Amino acid sequence: MTSAMRVRAFAKINLSLRVLGTRSDGYHELRTIFQSIGLHDTLTVRAERGPFYLTCDDPNCPDDTANLIWRAAARVWRAAGRRGAPRDVAVDLKKRIPLAAGLGGGSSDAAAALRAFARLWRVDEARVRAIAGELGADVPYFFEGGTVLGLGRGDLLFPLIDRPAAWVVLVLPNFGVSTKEAFGWWDADRKHAKDTKGGTKDTKETRNDLEEPVAARHPQIRRIVSALRNAGAWHAAMSGSGSTVFGLFLSRTAASKAASALASPSRRTLVTRTLNRPQYQRLAGI
Ligand code: C5P
């Protein structure tokens, strides 16, 4: 590698997320619509003698083997037929996507790392795509981008015609939600509903089934969804397992106004745009 390789890892929102049931592998069966957005992390991959290492500008982001980038490095290294632990490369991660936010940051970083290492160690792109699903259910989506239907664990992908461009307001509460925990709350509440009244069947397509269980523990979520709708969002919902709530707006002005109105000491707001598949693939270097 003559100079550093820079790769962007874009975030996603879930325009809808239906939980269809539990699976024998501990995961949940989903029907979700992923949408890429402009918010992104940046990975800088450079040659440096010695064992592989990762640095990150966000002190809350793990820079040890708990970070999926480490696992991505180990898997591609092995796929390249090399022995031992990965070496002679260092990654610097500029973190802009908040952690435990339902925006797919960790998964997108892993996908970007897989692409970079594949190029570096000359592994076929098709092979690293196969590894993607083993690192996390959301990781394969980040090889596609744009508007995509996800079935199974969210890793059986069906690219859809891209939704029209929209301005996106992200409202980031000052707490995160672990994905595992959110699905656990869905299980607990469904069991409770079954025990008491048999549960409800809502077949509306554009909703997030994890929103209710998360909002039951973090009522701020519900208030943010209403506030975004009142501020003019034509669609507002929690993304993934939270804690981010997004609102879609027709104009940048309306989005910026809503973002200023909703910012408070207990939450941060960001304005970004949706990315369609060609934009995503060009910017992510796919
Ligand atoms: O695949 P990933 O490691 O990102 O998932 C984190 C956790 O979220 C899983 O261990 C599982 O508990 C939960 N999950 C789930 N069903 C999915 C995706 C994630 O139960 N479809």
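The values are calculated or read from the model by the stated rules, or taken from the named source; none is laboratory data. Small disclaimer: the values here were computed from a predicted structure and weren't measured. Note: ideal-geometry Cβ built from the backbone for every residue, glycine included; neighbour counts use all protein chains shown. Note: accessible area is taken over every heavy atom of the protein model, side chains too, but ligands, DNA and RNA are not part of it. Shrake-Rupley method; radii C 1.70, N 1.55, O 1.52, S 1.80 Å.
Values as computed for the structure displayed
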| quantity | calculated |
| --- | --- |
| Count - residues of segment 235-286 that are basic (Lys, Arg), under 22 Å from Arg163 (Cβ atoms) and under 22 Å from the mean Cα position of the chain (by Cα) | 3 |
| Subset tally (residues that are in contact (Cβ under 8 Å) with a residue 24 or more places away in the chain and assigned to a strand (DSSP E or B)) for segment 115-156 | 5 |
| Looking only at segment 144-187, and only at residues there that are in contact with an Asp or Glu (Cβ under 8 Å, 6 or more places away or on another chain) and away from the ligand (no atom under 14 Å from the Cβ), the one that is farthest from Arg268 (Cα to Cα) | Pro159 |
| Selected residue [surrounded by fewer than 14 Cβ atoms within 10 Å (Cβ to Cβ), within 12 Å of the ligand (Cβ to nearest atom) and assigned to a strand (DSSP E or B)] from Gly21, Gly50, Gly26 | Gly21 |
| Residue list for segment 173-182, restricted to those being in contact with a strand residue (DSSP E or B) (Cβ under 7 Å, 6 or more places away or on another chain) and crowded, with 19+ Cβ neighbours inside 10 Å | Pro173 |
| The lone exception for Ala73 - which of (1) farther than 30 Å from Asp162 by Cβ; (2) open to solvent by 20 Å² or more (accessible area, probe 1.4 Å); (3) outside any loop (DSSP other than H, G, I, E, B); (4) among the hydrophobic types (A, V, I, L, M, F, W, C) it fails | (2) |
| Residue that is nearest to Phe10 (Cα to Cα) [pool: residues in segment 116-133 that are in contact with a helix residue (DSSP H, G or I) (Cβ under 7 Å, 6 or more places away or on another chain) and open to solvent by less than 10 Å² (accessible area, probe 1.4 Å)] | Ala132 |
| Subset of segment 206-241 that is in contact with a strand residue (DSSP E or B) (Cβ under 7 Å, 6 or more places away or on another chain), assigned to a loop (DSSP other than H, G, I, E, B) and open to solvent by less than 30 Å² (accessible area, probe 1.4 Å) - its residue that is farthest from the ligand (Cβ to nearest atom) | Ala233 |
